[in-house]
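Participant: Before anything else, here's the structure in question.
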Amino acid sequence: MADHAFGNVSTDLKLTKIEEYLKAFATALRPQFSELWYIDAFAGTGERVVKQQATPDDLLPGLEEKIERRRGSARIALDVQPAFDRVVFMEKKRSYCKALEGLREQYPGRQIDIVKGDANEAVTSAIRDIRWAGKRAVMFLDPYGMELNWTTLEEIRATEAIDVWYLVSLAGLFRQATLDPTKLDEKKRAAITRMLGTDEWFDAWYDSPQKQDLLGVFDEVHQRTANVEQIEKFVGDRLGKLFPKVLKPLRLKNGRGVPMFSLFLAISNPAPKAIGLATRIGNSILKP
Ligand SMILES: C[S@@+](CC[C@H](N)C(=O)[O-])C[C@H]1O[C@@H](n2cnc3c(N)ncnc32)[C@H](O)[C@@H]1O
């Protein structure tokens, strides 16, 4: 089976939060809806391989590294009780899809779809023509970086039936939005705009103070002034303009304490009852 080694100290925290939400969502909505769905648009393999250096105490000759296999989001969702009626896994990598097929065999009798391809196209075609009356879904968007297009979020919002957990890559945005704007080429600009659905980020994140040279000529010198708080707030505000409700995100850091991701919960159903329930559950889970 294809091994999928990824994550850092925040990965377990992130997956624990998702699991808590899925359990609470399924328990609360089971009596009210005929179909509950889980859609994992960046599904991985269902498993996470964690490589750990062995401590001197447990070092045996030839054994320098411990390999631990932990549950990934796909398996976590399949284990949730009450069970989801339909589970859709989307994944770009062929070998990971094969691993997901192996996972499906371990859950006979469950309706599990595996879609190989780009998440943006897969999400759009999976949700667009569905009659959502009587159905509710949770979607997990867990990309490595900036793979998710804003237009895909618009499709999700339009269903009015999906609660979406979106892991936003702060590190990706920081990397693309270079401090020095002369290094901000067209490709970088386009990647940020595709992810955020607007080019307003440039004016919000870059300052243009005037600088006077020795001859007294004024020149505009741009530089990125937005810090991690401002970038996260910009993303939150954008999501807040699209979705009826977006909760304050959980900031996830790497082992050195550097902010890497923000985990957002956005609710697409505008009904006050739906917002109230998702907010209550989400807020209790998102508190740091
Ligand atoms: C962070 S991992 C997901 C981990 C998974 N949620 C888990 O807990 O096991 C991101 C996954 O997205 C896949 N991926 C990357 N780009 C993609 C795209 N454009 N569409 C679909 N899947 C993609 C990668 O192959 C990888 O398996």
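The values are calculated or read from the model by the stated rules, or taken from the named source; none is laboratory data. Here the structure is a predicted model, which means the values were calculated and not measured. Neighbour counts are summed over all protein chains in view; Cβ atoms, including those assigned to glycine, are modelled from backbone coordinates with ideal geometry. Remember, those area values only see protein heavy atoms, side chains included, never the ligands or the DNA or RNA. Shrake-Rupley method; radii C 1.70, N 1.55, O 1.52, S 1.80 Å.
Participant: Please enumerate the residues belonging to the stretch 103-123 that are in a helix (DSSP H, G or I), open to solvent by less than 40 Å² (accessible area, probe 1.4 Å) and either under 17 Å from W37 (Cα atoms) or within 9 Å of the ligand (Cβ to nearest atom) (or both).
Facilitator: So the first thing to find is which residues in the stretch 103-123 are in a helix (DSSP H, G or I), and the list is 103-105, 119-123.
Next, only the ones that are open to solvent by less than 40 Å² (accessible area, probe 1.4 Å) stay: 103, 119-120, 122-123.
A119, N120, A122, V123, listed by residue number.
Participant: Consider the stretch 245-276. How many of its residues are modelled with pLDDT of 95 or more, touching a helix residue (DSSP H, G or I) at 6+ places or on another chain (Cβ under 6 Å) and outside any strand (DSSP E or B)?
Facilitator: Of the residues in that region, 2 qualify.
Participant: Which pairs do you get when a residue that is of a type in the set (K, R), found in the stretch 190-215, comes within reach of a residue that is open to solvent by 50 Å² or more (accessible area, probe 1.4 Å) and modelled with pLDDT under 95, reach meaning Cβ atoms under 6 angstrom, with the pair 6+ apart or on two chains?
Facilitator: Pairs that qualify, where the first residue is of a type in the set (K, R) and the partner is open to solvent by 50 Å² or more (accessible area, probe 1.4 Å) and modelled with pLDDT under 95, are K211/D219; K211/V221.
Participant: Here are some conditions: (1) open to solvent by 10 Å² or more (accessible area, probe 1.4 Å); (2) among the polar types (S, T, N, Q); (3) at pLDDT 75 or above. Q53 meets all but one. Which one does it not meet?
Facilitator: Unmet for Q53, out of (1) open to solvent by 10 Å² or more (accessible area, probe 1.4 Å); (2) among the polar types (S, T, N, Q); (3) at pLDDT 75 or above: (3).
Participant: I've got another one for you. Under the condition of being under 22 Å from I162 (Cβ atoms) and open to solvent by 30 Å² or more (accessible area, probe 1.4 Å), which residue from the stretch 86-102 is farthest from the ligand (Cβ to nearest atom)?
Facilitator: Within the stretch 86-102, the match that is farthest from the ligand (Cβ to nearest atom) is R86.
Participant: I'm checking my understanding of the structure. Among residues of the stretch 140-165 that are open to solvent by less than 10 Å² (accessible area, probe 1.4 Å) and farther than 20 Å from H4 by Cβ, which one is farthest from the chain's Cα centre (by Cα)?
Facilitator: A161
Participant: Restricting the search to the stretch 159-189, which residues are more than 13 Å from I231 (Cα to Cα), assigned to a helix (DSSP H, G or I) and without any contact (Cβ under 8 Å) to a residue 24 or more places away in the chain?
Facilitator: Result: T182, K183, E186, K187, K188, R189.
A quick yes/no check of all residues on (1) touching a strand residue (DSSP E or B) at 6+ places or on another chain (Cβ under 7 Å); (2) near the ligand (Cβ under 10 Å from one of its atoms):
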residue: N8; (1), (2): no, no
residue: K17; (1), (2): yes, no
residue: L36; (1), (2): yes, no
residue: T45; (1), (2): no, yes
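Participant: Run down V115, V123 and say which single residue is at pLDDT 95 or above and under 30 Å from R251 (Cβ atoms). Steps first, please.
Facilitator: On the way: V115 fails: under 30 Å from R251 (Cβ atoms).
Just one listed residue meets the conditions, V123.
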